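Encoded as structure tokens, the structure appears first; notes follow it.
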Amino acid sequence: MKHSIKIRINGQWYLGDVETGMTLLQFIRDEAGLTGTKAGCENGECGACTVLMDGKPVRSCIILAVEADGSEILTVEGLREGDKLHPLQQSFIETGAAQCGFCTPGMLIAGKALLDKNSNPSKEEIMEALGGHLCRCTGYKSISKSVEIAIDKIK
Amino acid sequence: MTLKHVGKSYTRNDGVEKTTGSAKYVADMKFPGMLHAKVLRSPYAHAIIKSIDTTEALKLPGVFVVLTGKDVPGPFGVAVADQYPLAKYKVRYAGEPVAAVVAVNERVAKEALKHIKVEYEPLPFVIHPKDAVADGAPILHEDLMNYNVAPYVYPQGKNIYQHFKVRKGDIEEGFEKADLVVEGETWYPYIHHVQLEPHCAVAQYNLDGTMTMYSTTQAPFVVQNCINMLHDIPLSKIQVIVPYIGGGFGGKSDVTIEPLVSCLAKAVPGRFVRLLLTREEMFIGTNLGRGAYCKYKIGLSKEGKILAMQGESYLGSGGNVDYAVNIVTGMGLAGTGPYEVPNLKLDVYGVYTNTPPIGALRGYGHPEVHFPVERLLEKAARKLGMDPVEFRLKNLLAEGKVNGIGQVVKHDTGNVVLCAEKVAKELYKSPKPNKGDNILVGRGMAAYMKTPCMPTNVQSSVFLKLNADGSVTLATGAIEMGQGTYTVLAQMTAEALDIPYEKVNVTNTVDTLISPYEWQTVASHTTWGTGNAIILAAENLKAKLKESAAKVFNTDAENIKIEGDKVVYNDKVLTWGDLALGYKNPDGSALTEPIMGEGHFVAKGVQNPDPETGQGNAAADWTQGCIGIELGIDKTTGEVHLYRLINYIDAGTIVNPQMARDQVLGAITMVISSALTETLVFSEDTGKIRNNNLVDYKIVGIEDMPEEILIDFVQTPEESGPYGAKGIGEHGTVGTAPAILNAIYDATGIDFYELPVTAEKIMMALEGGE
Ligand code: FES
Ligand code: FES
């Protein structure tokens, strides 16, 4: 069965007639054509597909598109303001925290979710926010350091 | 020579793309009329395929074709021709492709799989290489001795497809003189690369005989060759295109899903066909790594000198061996670790097992053999009552010593001794910390060395295109998969041309039709090989600039000087841009030609090892280093916490220190994972991998990382490397597992010889009072 839904992604409404089984991740990538959000497992296990849904970080591969009907989504493409990169994007670039770049969108969104609700998180809080986000390339240190640097940039 | 760009921590030139979501990966691409494929995989590890019935599947609306073994060419394989894109007659691992459907979308393709009927006759199967060589073991390839093999492959029959030998000195005499002999067996289990990006390939075959394929491969030119062999399409008509890839670690090298996808595309000419693997398929249907069982014996004098070493190693290689042959070679070349062994006998066997194929995995045979060597040397030092650091320093391959394959260690081979001294100094600088009554603190170290196991004549070519504005585009066939290749290559280009770094742009998509040839992006050799090609191309470009300017100024090229972005003759000056597309005379007629620098590098002087002794100049270069670990073990839970990680590595000149550090840390992290948590679990009934998801197969997370990390360099310039550089990407994997296990021993007095050492295993051992 098809459902007519609309989801606002990065400030723009996207309409779609979708099957019940379509995930939010599929809607974002295939319907809206925003391929920055990555599919690493499609089973809620890796964090690569993380987006903000009404301000909260969610794994878009285990949410149905129909469940997200009417919601407000932020993906990695929506992080920058015009030509200006978000402080997290800047700090990820400075530290080289994006190696292959496949976990990066999810990491950035997790970092953004943290900094939105806590402008001065401790090392432990950073670790907690990034916990469960898998990265096979970096050894994580440059990623947590990037979040720390972004805190100062935002101040 | 002072270097302007090499040695600087420039930020990555792909940073903006990768942090804004604009970097493109294969699965992000859509093509008009694109069809989708799904694969039916064997549920059995070993079985005869009695029949396959695809009739019902073909009836489903939306299904285009269903292929089975009878529809595909083969056998193929560069080292051993032992595989088919879809199984024929029998299956040799659970997960092996048996049939594939091409349909209008993934859903229909998946549905169609349910309608394919396969009748199997299950056979006994074997997972562990030790069992595979035992008497009465099930035989995977009955016809092995008649297979086509490469000249350096020596099948022995039964399940042994390769035997690599290293012989040096007199092994019996060595052991006779020994005051102490230590022996042990190690098992490095089967593990997976767990690249975050799943494999994906999209291909189109046209009736004019051309094939285009987009793939997540580290080896587009190898894929091109494979398609050429399978379908008899000329190389000039095979276009393999690779954008960014989301992690490789060797698991996307050589060929994986591409042969099958090429067959699917061939079956529906004119249509793009995409195969994107699920996470489960990543585990059961692509290459795995390691799977090495080693039995070592080392003889020593009471003064602590190694007198003899004997090793027998078996690499479980899967149902078809593909390139595992070369991992066997790596286990032989590096089989002594970075130690001098006067009397040596190593036998490395490549063994068929009913597991998915074992392929390259960051480290390539080296972590496998450093494991027994470093564990047993630790044991030896203890038995001799010697300080493990002092003991290692006595035996390390210092300048002037001779390694296991007869190469004399030269100054530029690198300074493993200095690396070990620096690690030891830092690791033992203060007494062990007191972490409370429940925590046992331990320290351990391991030294390591690694060579790229490459074809003897490995090639890298590049073009340097000079643009009309004086900027330069570097065209390379090297892949970016996270390692920062394009940044490092841009730095070397800027250095070689003496132009600002910002003026260099690097192509970020490889296309076998137009990119210059590059063997493949593996073996940590891009900085070295492609870097050498860049230096040659820069010389070529500068020579052309001079020749062009000489024509303009009507003089000889040797009178022309290049100063920055100017070309100068006495007081006359041209810019590079003036000459880039050719110089025009005042009347508008052309005087000179457009300028592009070409550089073609081929390794010279590297030989095949002698088949009887393994001796020879078989290793192009060695990167060496040492790692130290300080950890704590919770007596109540068995959990391991890493406090300090110290690593010194001599990879010659470091082109980009920040990125190099992160490469080393990334490699070490993978092995922290395999040392403490990772192992693939095979079902006892069917031989299928059971933990085929990221919850049951746990890789380390941010919370598992060491608290303090010191990664630094000893930089002995490598003579054969550009600006003295050589490989660094894999080397962090090599010594990490034994260093951790040596530290666990130091903390608990318990010796582990099998990975992973989980908290449960530690608890059991602690409770058992071992
Ligand atoms: S793709 Fe959603 S958690 Fe992995
Ligand atoms: S950068 Fe590759 S997975 Fe994190």
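The values are calculated or read from the model by the stated rules, or taken from the named source; none is laboratory data. For clarity, every value in this text was computed on a predicted model and none was experimentally measured. Heads up, the Cβs are rebuilt from the backbone with ideal geometry, glycines too, and the neighbour counts pull from every protein chain shown. Surface areas here come from the heavy atoms of the whole protein model, side chains and all, with no ligands, DNA or RNA. Shrake-Rupley method; radii C 1.70, N 1.55, O 1.52, S 1.80 Å.
For B:Thr679, state whether it is away from chain A (no Cβ under 11 Å), open to solvent by 30 Å² or more (accessible area, probe 1.4 Å) and of a type in the set (Val, Ile, Thr). Steps first, please.
Working: away from chain A (no Cβ under 11 Å): yes; open to solvent by 30 Å² or more (accessible area, probe 1.4 Å): yes; of a type in the set (Val, Ile, Thr): yes.
Yes; evaluated as a whole, the condition is true for this residue.
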Considering each residue of the range A:45-77, count those that are within 9 Å of chain B (Cβ to nearest Cβ) and surrounded by fewer than 21 Cβ atoms within 10 Å (Cβ to Cβ), and give that number.
2
Can B:Lys297 be described as in a helix (DSSP H, G or I) and either surrounded by fewer than 24 Cβ atoms within 10 Å (Cβ to Cβ) or among the charged types (D, E, K, R) (or both)?
no
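Checking the condition touching a residue at least 12 places away in the same chain (Cβ under 8 Å) and surrounded by fewer than 18 Cβ atoms within 10 Å (Cβ to Cβ), which residue from B:Glu630, B:Glu639 passes?
Numbers: B:Glu630 fails: surrounded by fewer than 18 Cβ atoms within 10 Å (Cβ to Cβ).
It is B:Glu639.
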Picking from B:Ala747, B:Ala737, the residue that is more than 10 Å from every other protein chain (Cβ to nearest Cβ) and out of contact with any helix residue (DSSP H, G or I) (no Cβ under 8 Å at 6 or more places or on another chain) would be B:Ala747
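Return yes when B:Asn647 is within 14 Å of another protein chain (Cβ to nearest Cβ), part of a strand (DSSP E or B) and not hydrophobic (A, V, I, L, M, F, W, C) and no when it is not. Full working, then the answer.
Working: within 14 Å of another protein chain (Cβ to nearest Cβ): yes; part of a strand (DSSP E or B): yes; not hydrophobic (A, V, I, L, M, F, W, C): yes.
Yes.
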A careful count of residues in the range B:576-598 that are open to solvent by 50 Å² or more (accessible area, probe 1.4 Å), closer than 30 Å to B:Lys4 by Cα and in contact with a strand residue (DSSP E or B) (Cβ under 7 Å, 6 or more places away or on another chain) gives 2
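Report whether or not B:Pro124 is in a loop (DSSP other than H, G, I, E, B), within 16 Å of ligand 1 (Cβ to nearest atom) and in contact (Cβ under 8 Å) with a residue 12 or more places away in the chain. First the steps, then the outcome.
Numbers: in a loop (DSSP other than H, G, I, E, B): yes; within 16 Å of ligand 1 (Cβ to nearest atom): no; in contact (Cβ under 8 Å) with a residue 12 or more places away in the chain: yes.
Answer is no for this residue.
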Check on A:Leu34, within 14 Å of chain B (Cβ to nearest Cβ), on the phi < 0 side of the Ramachandran plot and open to solvent by less than 30 Å² (accessible area, probe 1.4 Å):
yes
Going through the range B:405-450 in order, the residues found to be crowded, with 24+ Cβ neighbours inside 10 Å and either charged (D, E, K, R) or under 25 Å from the mean Cα position of the chain (by Cα) (or both) are B:Ile405, B:Thr413, B:Gly414, B:Val416, B:Cys419, B:Ala420, B:Met445, B:Ala446, B:Ala447, B:Tyr448, B:Met449, B:Lys450
In the range A:78-94, residues that are crowded, with 24+ Cβ neighbours inside 10 Å and polar (S, T, N, Q) total 2
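Identify the residue in the range A:123-141 that is under 17 Å from A:Lys112 (Cβ atoms) and in a helix (DSSP H, G or I) and, among all such residues, is farthest from the other protein chains (Cβ to nearest Cβ). Walk me through it before giving the result.
Within the range A:123-141, the subset under 17 Å from A:Lys112 (Cβ atoms) is A:125-133, A:135.
Next, from what is left, pick out any that are in a helix (DSSP H, G or I): A:125-130.
Numbers: A:Glu125: 12, A:Ile126: 9, A:Met127: 5, A:Glu128: 8, A:Ala129: 9, A:Leu130: 5 Å.
Checked the range A:123-141; the qualifying residue farthest from the other protein chains (Cβ to nearest Cβ) is A:Glu125.
Kindly indicate which of B:Glu754, B:Glu718, B:Glu708 is closer than 30 Å to B:Met492 by Cβ, open to solvent by 10 Å² or more (accessible area, probe 1.4 Å) and either in contact (Cβ under 8 Å) with a residue 40 or more places away in the chain or not β-branched (Val, Ile, Thr) (or both). Working first, answer last.
Values: B:Glu754 fails: closer than 30 Å to B:Met492 by Cβ; B:Glu708 fails: closer than 30 Å to B:Met492 by Cβ.
Every option except B:Glu718 fails the conditions.
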Taking the criterion of being in contact with an Asp or Glu (Cβ under 7 Å, 6 or more places away or on another chain) and free of Cβ contacts under 8 Å to residues at least 60 places away in the same chain, would at least one residue in the range B:59-79 satisfy it?
yes
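Looking at the range B:223-238, is at least one residue of a type in the set (A, V, I, L, M, F, W, C) and within 14 Å of another protein chain (Cβ to nearest Cβ)?
Of all residues in the range B:223-238, those of a type in the set (A, V, I, L, M, F, W, C) come to B:223, B:226-227, B:229-230, B:233, B:235, B:238.
The next check asks that each one be within 14 Å of another protein chain (Cβ to nearest Cβ); those that pass are none.
The answer is no, given that none of the residues of the range B:223-238 is of a type in the set (A, V, I, L, M, F, W, C) and within 14 Å of another protein chain (Cβ to nearest Cβ).
Would a scan of the range B:258-280 turn up a residue that is within 16 Å of ligand 2 (Cβ to nearest atom), surrounded by fewer than 24 Cβ atoms within 10 Å (Cβ to Cβ) and within 14 Å of another protein chain (Cβ to nearest Cβ)?
Filtering the range B:258-280 for residues within 16 Å of ligand 2 (Cβ to nearest atom) gives B:279.
Next cut, surrounded by fewer than 24 Cβ atoms within 10 Å (Cβ to Cβ) only: B:279.
Applying the additional criterion that residues be within 14 Å of another protein chain (Cβ to nearest Cβ) yields B:279.
Yes; the residues of the range B:258-280 include at least one that is within 16 Å of ligand 2 (Cβ to nearest atom), surrounded by fewer than 24 Cβ atoms within 10 Å (Cβ to Cβ) and within 14 Å of another protein chain (Cβ to nearest Cβ).
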Counted residues in the range B:15-29 being within 7 Å of another protein chain (Cβ to nearest Cβ), open to solvent by less than 10 Å² (accessible area, probe 1.4 Å) and β-branched (Val, Ile, Thr) come to 1
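Residue-wise test of (1) among the acidic types (Asp, Glu); (2) assigned by TED's automatic domain parsing to the domain that holds B:Gln663; (3) in a loop (DSSP other than H, G, I, E, B); (4) within 16 Å of B:Ala468 (Cα to Cα).
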{"position": "B:Val522", "(1), (2), (3), (4)": "no, no, yes, no"}
{"position": "B:Gly531", "(1), (2), (3), (4)": "no, no, no, no"}
{"position": "B:Lys542", "(1), (2), (3), (4)": "no, no, no, yes"}
{"position": "B:Leu545", "(1), (2), (3), (4)": "no, no, no, yes"}
{"position": "B:Ala549", "(1), (2), (3), (4)": "no, no, no, yes"}
{"position": "B:Val568", "(1), (2), (3), (4)": "no, no, no, no"}
{"position": "B:Gly588", "(1), (2), (3), (4)": "no, no, yes, no"}
{"position": "B:Pro594", "(1), (2), (3), (4)": "no, no, yes, yes"}
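Among the residues of the range A:137-154, is there at least one that is on the phi < 0 side of the Ramachandran plot, within 16 Å of ligand 1 (Cβ to nearest atom) and either of a type in the set (Phe, Trp, Tyr) or in contact with a helix residue (DSSP H, G or I) (Cβ under 8 Å, 6 or more places away or on another chain) (or both)? Don't jump to the end; show me each part of the working.
From the range A:137-154, those on the phi < 0 side of the Ramachandran plot are A:137-138, A:141-154; that's our starting set.
So of that shortlist, the ones also within 16 Å of ligand 1 (Cβ to nearest atom) come out as A:137.
With the extra rule that they be either of a type in the set (Phe, Trp, Tyr) or in contact with a helix residue (DSSP H, G or I) (Cβ under 8 Å, 6 or more places away or on another chain) (or both), the set shrinks to A:137.
Yes, some residue in the range A:137-154 is on the phi < 0 side of the Ramachandran plot, within 16 Å of ligand 1 (Cβ to nearest atom) and either of a type in the set (Phe, Trp, Tyr) or in contact with a helix residue (DSSP H, G or I) (Cβ under 8 Å, 6 or more places away or on another chain) (or both).
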Exactly one condition in (1) within 13 Å of ligand 1 (Cβ to nearest atom); (2) in contact with an Asp or Glu (Cβ under 7 Å, 6 or more places away or on another chain) is false for A:Arg59; which is it?
(2)
List the number of the failed condition for A:Asp116; all other conditions in (1) outside any loop (DSSP other than H, G, I, E, B); (2) surrounded by 17 or more Cβ atoms within 10 Å (Cβ to Cβ); (3) of a type outside the set (A, V, I, L, M); (4) more than 16 Å from ligand 2 (Cβ to nearest atom) hold.
(2)
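How many of the residues in the range B:223-254 are hydrophobic (A, V, I, L, M, F, W, C), assigned to a loop (DSSP other than H, G, I, E, B) and open to solvent by 10 Å² or more (accessible area, probe 1.4 Å)?
From the range B:223-254, those hydrophobic (A, V, I, L, M, F, W, C) are B:223, B:226-227, B:229-230, B:233, B:235, B:238, B:240-242, B:245, B:249; that's our starting set.
Among the residues that remain, those that are also assigned to a loop (DSSP other than H, G, I, E, B) are: B:233, B:245, B:249.
Filter once more, so that each one left must be open to solvent by 10 Å² or more (accessible area, probe 1.4 Å): B:249.
Qualifying residue count for the region: 1.
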